[in-house]
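Since the structure comes first, as structure tokens, the remarks are kept for the end.
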Amino acid sequence: MNISLLSDMFFAAPELWYTVLAVFAVLVYWSVSNYIRLLKLKRKNYFTRRDRERYAETLYAGRDGYFAFIYPDDKVNDEAETSERCSRRLAVQLNLPGGIETPFSEVLKNFYKDDADKIVKYVTLLKEEGVSFEDVFSLKNGKKMVLNGVRINGADGSIYSDIIWFRDISYISGRIDEMQREKQEAEKKERDLKDLIDNLPYPVWMHTPALDIKIFNKKYAEYAAAGSSGELAADDIRELAAQARDSNKQKQKSIYLNRGGERCCFEVTETPFYADQSLDKIATVGAMTDISRLDNLRRNLKQNQNAHLEILASLGTAIAVFEADFRLTFYNQAFVRLWRLEESWLEEHPTYGAFLDMLREKRILPEVPDYPHFRSEEHKMFASVIEPKEDLLHLPDGRSLRRIRAPHLKGGLIFAFEDITDRLADRREYNSLVSVQQEILNNIEEAVLIFASNGRLQFYNQAYVSLWDSDEVMLQKEPSFVEILETQKNFFNRVSDWEELKKEIIGHLFSSTTETFCLNRSDGVKVKCFSLLLSNESIMVLMHKTSSL
């Protein structure tokens, strides 16, 4: 029914229906177009907000805080007033209680008054005239900050804002101060080192790996100025430095220079080291010390040694010198005769061990149960003997040798051998005679004391020991007659003046006209005493007990 009605209406007025359809199509197109444009606008607004948030977060993430004065847009009818914006970073840096809502006046309270006033002047010039500024300020909390004020303009010249950046330079400032102190310390150390080498009493210098003089001290300059070349012993020192560099070992050399018309001896030392911490570059440090006195002493010592060796060569005592390397460097004819050695063999400078082996082969070395041990101990003498030592060697052929070992100036030992066979025989004979004399004295009833010409006790017998109850240990120390009398004092404790009695006893016994006299002891014993002068100027005192209470 309805479809039929609509069909009739369409055919009755088709133009009207075409117009309605056209208007409807236009409305649909317009709606779709606006919807698509709206979607694009929303998309654009979304990316705009996103970019704005990203830029804002980028600013917030920066290490610098900022405070901005944002102005209204003068291109449109913007009735807004100038606003202030504090960044989150700045709020954290200054620990602001108000956070990002903190006004600039509160920010200024973190600075000292003079600095705050200065900042206000900077900001005023920035806001009124657009004058940028940058300055360093100290905060009350001890931090240091750089404030950098700039104006932000649009591409069309419009003023967007004035912004003040706050950069915390406390750490950097501290590091700068620390580096400044380190620099001052390094400069002081450099001055000290320069003073050190410049005040050394001898020249020092440094060679580069190319053997050029790099640095030297004042004393080097003084010595070089005195020379003709302006460089100190250039050829000799350069050659020595090259040797030290090439071998990487310290080298020394003695050179002679003319100083003030006098020929002086100097010892030059070149010590290598790795330059610039590189194993491929070896430089050297040189030093030169005056050893003229030492050189003179060496020459004099050499002359004296030669003179001494000439004297030793003429002595009857057998002398030999074995130096630190154990080799024979000197011997005299008495040494050759004593050990019956061939001079041709001695001229080959045999070692001390070879010398001992030769003596053992000739069977004139003292018999020892363990020869290798004996030989080893003999070699140890070269390191242990620091003063002259003496011992006896009893040879298989019956000879007895007195051996003296003394340290040599150049190291090693000087040996002196003396045949004392006859002397020992004489001493044995003398000791035998003394023993017989002592036995004769001990068999005499009288107490006997014999004093040598120097006044010391030489002999005594057992009768004297029994008579005076004497200490034999004391008597064996060869006391004087006065010391012996003091041991007899207890036998005269009734005497009022002991010193006077001693004088009388000494006067009687040691007078050329002495006669027999009696001593009355406190224990009632009477002792007759008299003395005799012997042919060798010794004095013999005889004592005999006569009675007892």
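The values are calculated or read from the model by the stated rules, or taken from the named source; none is laboratory data. All values reported here derive from a predicted model rather than from experimental measurement. Using ideal geometry, Cβ is built from the backbone for each residue, glycine included, and neighbour counts are taken over all protein chains shown. These area figures cover heavy atoms from the full protein model, side chains too; ligands, DNA and RNA do not enter into them. Shrake-Rupley method; radii C 1.70, N 1.55, O 1.52, S 1.80 Å.
Overview of values
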{"read-out": "In Å², nearest 10: area of residue 408 left accessible to a 1.4 Å probe", "value": "40 Å²"}
{"read-out": "Nearest-10 value in Å² for the accessible area of residue 317, using the 1.4 Å probe", "value": "50 Å²"}
{"read-out": "Selected from 529, 508, 539, residue furthest toward positive end of dipole (region 498-547; charges at beta carbon)", "value": "529"}
{"read-out": "Proximal lysines relative to residue 118, as straight alpha-carbon distance under 19 Å, when same-chain residues fewer than 8 apart are discounted", "value": "109, 127, 140, 143, 144"}
{"read-out": "About the Cα centre, charge dipole magnitude for region 111-267 (Lys/Arg +1, Asp/Glu -1 at Cβ), debye", "value": "440 debye"}
{"read-out": "Within region 83-139, chymotrypsin sites (Phe, Trp or Tyr not before Pro) in DSSP loop having at most 13 other beta-carbon neighbours inside 10 Å", "value": "112"}
{"read-out": "Model label zone, residue 363; criterion: amide N under 15 Å from point 7 Å along Cα-to-beta-carbon; scope region 387-424", "value": "395-399"}
{"read-out": "Total charge dipole magnitude, region 83-158, about the Cα centre, Cβ charges on Lys, Arg, Asp, Glu only, Debye to nearest 20", "value": "360 debye"}
{"read-out": "Virtual spin-label span in nm between residue 242 and residue 271, 7 Å along Cα→Cβ", "value": "2.4 nm"}
{"read-out": "Residues whose placed amide H lies under 5 Å from that of residue 461, excluding near-sequence neighbours", "value": "448"}
{"read-out": "Karplus-derived 3J(HN,Hα), 6.51/-1.76/1.60, for each residue of region 87-103, Hz, glycine and proline x", "value": "6, 4, 4, 5, 4, 6, 4, 9, 6, 7, x, x, x, 6, 8, 5, x"}
{"read-out": "Accessible-area ranking of 478, 445, 190, 378, largest first, probe 1.4 Å", "value": "445, 190, 478, 378"}
{"read-out": "List 30, 165, 339, 498, ordered by accessible area with a 1.4 Å probe, largest first", "value": "30, 165, 498, 339"}
{"read-out": "All lysines inside 20 Å of residue 545 as judged from Cα atoms, apart from same-chain residues fewer than 8 positions distant", "value": "489, 502, 526, 528"}
